[in-house]
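Below is one structure, written out as structure tokens, with a few remarks after it.
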Amino acid sequence: MSKSSINMSSDRSRKKNFSTHLIAGGSAGFVEACICHPLDTVKVFMQLRTNSSAEVRPRSFFGTGVRIVKDEGLLALYRGLGVVVMGIVPKMSIRFSSFELYKSLLANKETGNVSTTSVFVAGLAAGVTESIMVVCPTDVVKIRLQTQHRSKFNLNEIPKYRTGSQTFYTIIREEGIGALYKGVTLTCLRQATNQGVNFTAYQEGKKHLLAYQDISELPSYQALALGGISGAMGPMCNAPIDTIKTRVQKASMVSNESGWAQFTNTTASIIRNEGYRALYKGLTPRLLRVAPGQAITFMVYEKVSQWMDIWPSMLSLKLQTQ
């Protein structure tokens with residue numbers, strides 16, 4: 001099989017309908033969230049810890065996780081998981097379907113080829129799209145749930161935020177619907193850079209692996225490894241953005257400051273009180289969460305997509321033989 005035929009086969013395999021993006025992306029996101037959510041909780045706690053806090057001194061990501069479990073119980077690591085799972089299906093379907101849409105719009109009209117630059121731009125646009133439609137509101141709700149302290153020794157204590165839907169309505173009632181979009185610009189910037197780098201690295205790596213091995217589909221272990229490598233690149237590029245975004249979204253009081261003012265004031269406060277290194281708080285657990293998360297996402301997405309591509313043919317063949 002020639003390289004051109006491989007590329008044609010690869011192009012055909014990527015032209016999937018919406019149901020494929022919904023089911024394959026949603027399945028990938030659900031598995032990824034259930035496995036990696038505790039690391040996200042640890043990352044958020046590390047990003048919100050300040051040097052001026054008298055409660056605890058700074059700790060490693062492992063120490064932070066141990067302290068959360070010791071103070072609040074093992075289930076505290078899974079606070080906000082319901083919100084994440086509720087947002088996973090639309091987020092992943094929007095991510096993959098919008099990426100394919102933008103990529104097709106940027107493709108060469110004569111040859112249908114998509115350049116590396118166009119793949120990167122499509123990834124950026126997909127990241128912005130998912131941020132506005134799903135990620136920012138669910139992030140605000142998730143962070144409020146994750147960072148609400150509740151001692152495991154005081155079971156009669158009634159927390160302010162209890163479930164995803166209750167937190168969602170509480171924020172709207174007390175702060176207005178705009179509060180769900182606190183840090184939306186930073187969220188867009190984070191997701192755009194994540195998906196731009198992520199999709200570009202994965203698509204380019206996949207293209208070369210398919211051509212080198214003269215195959216039309218990646219084995220699961222290769223999709224897993226390639227997804228992990230591409231997933232690690234985003235956090236390395238935008239760690240300060242994620243830290244600042246988390247601080248902005250954590251604040252529950254209504255603020256009349258513009259988004260830019262919140263960004264500059266939060267950034268200046270972190271640097272002044274904690275130093276530049278504080279902008280990279282939580283990078284280790286974020287890498288440990290995002291890299292394997294993207295590895296799982298791409299592997300499950302590729303596998304479910306393959307199953308959905310094969311299933312109609314198998315069903316048709318079965319009906320013909322009956």
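A few points about this structure:
- In a fully extended conformation the segment linking GLU204 and GLN166 would gain 9.4 nm over its present Cα-Cα distance, using 0.36 nm per residue.
- Whole-Hz ³J(HN,Hα) from phi, Karplus 6.51 cos²θ - 1.76 cosθ + 1.60, for the stretch 219-232, glycine and proline x: x, 4, 5, 6, 4, 5, 5, 5, x, x, 5, 5, x, 6
- J(HN,Hα) series, the stretch 289-299, from Karplus relation 6.51 cos²θ - 1.76 cosθ + 1.60, nearest Hz, glycine and proline x: 8, 6, 4, x, x, 5, 4, 5, 4, 5, 5
- Using a Förster distance of 35 Å, the FRET efficiency for THR264-VAL69 (Cβ separation, nearest 0.05): 0.45
- Phi-based couplings in Hz for the stretch 193-199 (Karplus 6.51, -1.76, 1.60; Gly and Pro marked x): 5, 4, 6, x, 5, 4, 5
- Pairwise centroid distance, computed over Cα atoms, of the stretch 180-257 with the stretch 84-139, Å: 11
- All aspartates and glutamates inside 20 Å of LYS206 as judged from Cα atoms, apart from same-chain residues fewer than 8 positions distant: ASP11, GLU100, ASP214, GLU217, GLU302, ASP309
- Between TYR78 and GLN306, the contour length at 0.36 nm per residue exceeds the alpha carbon distance by 79.0 nm.
- Full extension of the chain segment joining ARG272 with LYS109 gains 53.5 nm, where the gain is 0.36 nm per residue of separation less the Cα-Cα distance.
- Packing order of peptides 165-173, 88-96, 229-237, highest average first: 88-96, 229-237, 165-173 (average count of other Cβ atoms within 10 Å over each peptide's residues).
Values quoted throughout were computed directly from the atomic coordinates according to the rules given, and no laboratory measurement underlies them. Computed from a predicted model, the values in this text were never measured in an experiment. When we count neighbours, we look across all protein chains shown, and the Cβ atoms used for this are built from the backbone with ideal geometry, even at glycine.
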